[in-house]
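Since the structure comes first, as structure tokens, the remarks are kept for the end.
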Amino acid sequence: MRVCLDIEFQDAIVCILGGGKVALRKAKQFIEAGATIYIHSIQYEPEFNTLHINKVDKDTLIHTLAKAKLAIACTNNESVNKEFIQTARKHHVLAMSCNKNQEQDTFSTVTKRDKHLVLSCHTNGSFPVANQNIVNDWKARLEILETLRNKLQDHALCHDLVNLDDQHLCFFQEVLQTKQAIIYLLHGNSSLKARIQCQNLIQRSKAKFEEYTSTTFFLAKKYQDIDLETLCKLLQEFHIKPHFVFLFWQQGRYVMQGAQTINRFGFDHQHIQINPNQFIKESETLIMHTKPTSRTQNAVLVSMLDSPFLRSQYPDARFVSCLDDTKVIERILYEVNSAL
């Protein structure tokens with residue numbers, strides 16, 4: 001089992017075999033860390049001429065291994081790489097290879113570092129191009145989390161901040177500027193199409209209400225990153241004025257429980273009811289998942305969002321997603337505008 005270590009390379013010697021793009025990337029990484037590079041290759045990438053390195057013959061490179069801290073095999077010949085790794089290990093030098101399964105001791109990682117944080121990532125060689133993007137995403141996320149944490153009075157909520165998905169994390173980052181929010185409450189769904197439908201609603205809402213930050217929030221627990229009460233606590237902590245919009249067919253359990261929570265915090269809310277019958281023809285039978293009915297040949301299943309589960313439950317029924325309908329979204333925005 002491996003253990004990740006943060007090792008100092010200032011003034012250390014690193015021996016590199018190979019002069020291609022991988023070797024170039026490794027050389028630049030360890031030069032930045034303050035290491036002295038000894039390298040051997042038959043051919044070198046042109047950019048090596050701009051680097052402060054020691055180009056040596058192979059015998060000199062092998063002899064230098066005795067005082068090196070790390071050896072890196074980066075040729076396009078697996079047997080040559082393996083031989084270099086084995087030689088390094090005889091000198092008790094940590095070794096890595098650009099090939100998998102060569103008994104190397106370590107992998108180098110893509111690293112972001114500042115005075116408060118070190119982020120490091122590698123993919124065991126399976127997808128090295130992704131490493132940089134992954135680390136950049138982590139760093140951006142942590143910078144937002146740090147900004148939010150510094151504005152919290154109740155640091156017990158820090159744990160809840162960490163649980164936020166990217167959508168809600170960016171929502172809180174943006175709402176700190178506007179100080180006003182519109183939050184559309186739905187039952188929830190995890191399908192990609194449902195999330196696209198939610199994004200469409202959010203974008204249309206932002207265009208309509210520029211002074212507000214808009215987002216959606218799922219009330220079904222299995223789709224939540226945090227619960228509604230915690231969301232309200234965070235809004236209160238950040239001194240945000242929210243307006244909650246329930247998008248449900250009727251005043252059911254989710255709406256009543258949600259309204260009770262929102263009322264405790266003194267926040268505004270409204271319930272927009274959409275008539276599902278507007279989506280069916282005279283000869284068709286409406287199926288609502290909240291009110292199961294017999295399955296008929298001309299049945300229509302109406303749902304607020306796309307739902308692969310409901311589709312599977314009623315495979316012979318025509319399926320309608322309300323938030324696919326532009327007129328429905330326009331009506332929602334109209335009613336929200338009237339309530340603000």
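The values are calculated or read from the model by the stated rules, or taken from the named source; none is laboratory data. As the structure is a prediction and not an experimental result, all values here were calculated from the model. Reconstructed Cβ throughout: ideal geometry from the backbone, glycine too, with neighbour counts over all protein chains shown. Please note that ligands, DNA and RNA were not included when accessible areas were found on the heavy atoms of the full protein model with its side chains. Shrake-Rupley method; radii C 1.70, N 1.55, O 1.52, S 1.80 Å.
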Restricted to the range 1-43 and to residues being part of a helix (DSSP H, G or I) and under 28 Å from the mean Cα position of the chain (by Cα), the residue surrounded by the most Cβ atoms within 10 Å (Cβ to Cβ) is Lys26
Residues satisfying the stated conditions in the range 79-104, i.e. basic (Lys, Arg) and either surrounded by 18 or more Cβ atoms within 10 Å (Cβ to Cβ) or within 42 Å of the chain's Cα centre (by Cα) (or both): Lys82, Arg89, Lys100
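The rows are residues; the columns are (1) more than 15 Å from His187 (Cα to Cα); (2) in contact with a Pro (Cβ under 6 Å, 6 or more places away or on another chain); (3) of a type outside the set (Phe, Trp, Tyr); (4) modelled with pLDDT of 85 or more.
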residue: Gln257; (1), (2), (3), (4): no, no, yes, yes
residue: Ile262; (1), (2), (3), (4): yes, no, yes, yes
residue: Ile272; (1), (2), (3), (4): no, no, yes, yes
residue: Ile280; (1), (2), (3), (4): yes, no, yes, no
residue: Ser294; (1), (2), (3), (4): yes, no, yes, no
residue: Asn298; (1), (2), (3), (4): yes, no, yes, no
residue: Gln313; (1), (2), (3), (4): yes, no, yes, no
Among residues of the range 166-209 being assigned to a loop (DSSP other than H, G, I, E, B) and modelled with pLDDT of 95 or more, the residue farthest from Arg141 (Cα to Cα) is Phe209
Being polar (S, T, N, Q) and buried (at least 16 other Cβ atoms within 10 Å of the Cβ) is the filter; apply it to the range 46-78 and report the residue that is farthest from the chain's Cα centre (by Cα). Thr64
For the range 315-327, how many residues are buried (at least 20 other Cβ atoms within 10 Å of the Cβ) and more than 15 Å from Phe248 (Cα to Cα)? 1
Would you point out the residue of the range 105-138, among those that are of a type in the set (D, E, K, R) and either farther than 28 Å from Thr64 by Cβ or in contact with a Gly (Cβ under 6 Å, 6 or more places away or on another chain) (or both), that is most open to solvent (accessible area, probe 1.4 Å)? Lys115
For the range 210-324, give me every one of the helices (runs of 4 or more DSSP H) that falls completely inside it and has 2 or more residues that are touching a helix residue (DSSP H, G or I) at 6+ places or on another chain (Cβ under 8 Å). 228-237, 253-264
Residues of the range 53-103 that turn out to be aromatic (Phe, Trp, Tyr) and under 14 Å from Ile42 (Cα atoms), as a count: 0
Just checking, which of Asn298, Asn337, Asn263, Asn277 is under 19 Å from Tyr212 (Cβ atoms) and of a type in the set (S, T, N, Q)? Asn337
Just need a number here: residues in the range 97-139 that are without any contact (Cβ under 8 Å) to a residue 60 or more places away in the chain, in contact with a strand residue (DSSP E or B) (Cβ under 7 Å, 6 or more places away or on another chain), in a strand (DSSP E or B) and of a type outside the set (S, T, N, Q). 4
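Quick check on this structure: which one of Leu201, Leu176 is of a type in the set (A, V, I, L, M, F, W, C) and either open to solvent by 10 Å² or more (accessible area, probe 1.4 Å) or without any contact (Cβ under 8 Å) to a residue 12 or more places away in the chain (or both)?
From the options Leu201, Leu176, the qualifying one is Leu176.
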Cβ-Cβ under 7 Å pairs, at least 6 apart or on other chains, the range 143-164 side touching a residue at least 60 places away in the same chain (Cβ under 8 Å), far side surrounded by 13 or more Cβ atoms within 10 Å (Cβ to Cβ) and among the polar types (S, T, N, Q): Asp160/Thr230
Among the numbered conditions (1) open to solvent by 80 Å² or more (accessible area, probe 1.4 Å); (2) modelled with pLDDT under 85, tell me where Glu330 comes up short. (2)
How about the range 234-253: which of its residues are modelled with pLDDT under 90, surrounded by fewer than 19 Cβ atoms within 10 Å (Cβ to Cβ) and not basic (Lys, Arg)? Gln250, Gln251, Gly252
Where Ser214 falls short, out of the listed (1) open to solvent by 10 Å² or more (accessible area, probe 1.4 Å); (2) touching a Lys or Arg at 6+ places or on another chain (Cβ under 6 Å); (3) not aliphatic (A, V, I, L, M): (1)
